[in-house]
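Visitor: Quick one: structure below, then a few questions.
The values are calculated or read from the model by the stated rules, or taken from the named source; none is laboratory data. If you're wondering where the values come from, they're calculated on a predicted model, not measured in any experiment. Cβ placement follows ideal geometry from the backbone for every residue including glycine, while neighbour counts extend to all protein chains displayed. Heads up: the accessible areas ignore ligands, DNA and RNA and are worked out on the full protein's heavy atoms, side chains in. Shrake-Rupley method; radii C 1.70, N 1.55, O 1.52, S 1.80 Å.
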Amino acid sequence: MELDIRGARILFTIPIDIPILGPVKISETMVVSWIVMLLITGLCIWLTRGLKVENISKKQAVAEMLVETAENFVVGNMGENFRYMIPFIAALFSTSVVSNLISLVGLRSPTADLSVEAAWAVVVFIMITAQKIKTGGFGGYLKGFTTPIAIMTPFNILSELATPVSMACRHFGNILSGVVINGLIYGALAAASSALFGLLPGILGDVLSKIPFLDVGVPAILSIYFDWFSGIMQAFIFCMLTVMYIANAAEEG
């Protein structure tokens, strides 16, 4: 999709599929997702090298703080019985945060692709369903759709299916809106810069009007919200919803 703002062109592209080995295709989202996973894996390896019991390093202190934060978050919201969920929630949060913030280095955020959030939401939905079946049995799970009366069954099924859809669309919509708004801001400032310096006479105006001076500084300030704050907040919200849905599934069962 292309959008012109008084001569400034903004281009939003859909990831291009590159055919590899016949029918197998690798998209831009997949490549950046692999980069995200490599970054997280490398960071984990670096933080956990040379661990000691006494006289720990600052690096080990940071690693222990991250582990304790994840532990307190999961156990505090779900209880001791869900301690096994700590690695999953920590991995989900870190992947979401790095994916959201990787756009700061010029790469397209994987979370700006609905398929990524949809995959995460499907995994969470399977875990929620498994928890309900584990707690109340398969019969109890099916019986839950008829609550409070049997005629509510179709609506209860729709409500159940709405959980992964709402989780995926909420995360995707907020991240994509930030990408689009940043693009519009860059385009608008480039157009304003061109119009402002174009008022200068002669060749000076012709040269300076082609340089987007106003794109320097202002977008960086706005990215504090659209990239940093929003990216971290959306990762936190997705993980919080995951924790609460699974905990509620255990209680309902």
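Visitor: Which of (1) touching an Asp or Glu at 6+ places or on another chain (Cβ under 7 Å); (2) without any contact (Cβ under 8 Å) to a residue 12 or more places away in the chain; (3) small (Gly, Ala, Ser) is the odd one out, the single condition Ala168 does not satisfy?
Guide: The single condition Ala168 does not satisfy is (2).
Visitor: Oh, and also: Which of the residues belonging to the range 8-57 are of a type in the set (Val, Ile, Thr) and either more than 23 Å from the chain's Cα centre (by Cα) or at pLDDT below 85 (or both)?
Guide: Ile10, Thr13, Ile14, Ile16, Ile18, Ile20, Val24, Ile26, Thr48, Val53, Ile56
Visitor: Filter the range 143-160 down to residues that are among the hydrophobic types (A, V, I, L, M, F, W, C), in a helix (DSSP H, G or I) and over 23 Å from Met244 (Cβ atoms), then give me how many there are.
Guide: 2
Visitor: Continuing with the same structure: Got a sec? Which of Phe145, Phe125, Phe172 is open to solvent by less than 60 Å² (accessible area, probe 1.4 Å) and touching a Leu at 6+ places or on another chain (Cβ under 7 Å)?
Guide: Selected residue: Phe172, the only one of Phe145, Phe125, Phe172 that is open to solvent by less than 60 Å² (accessible area, probe 1.4 Å) and touching a Leu at 6+ places or on another chain (Cβ under 7 Å).
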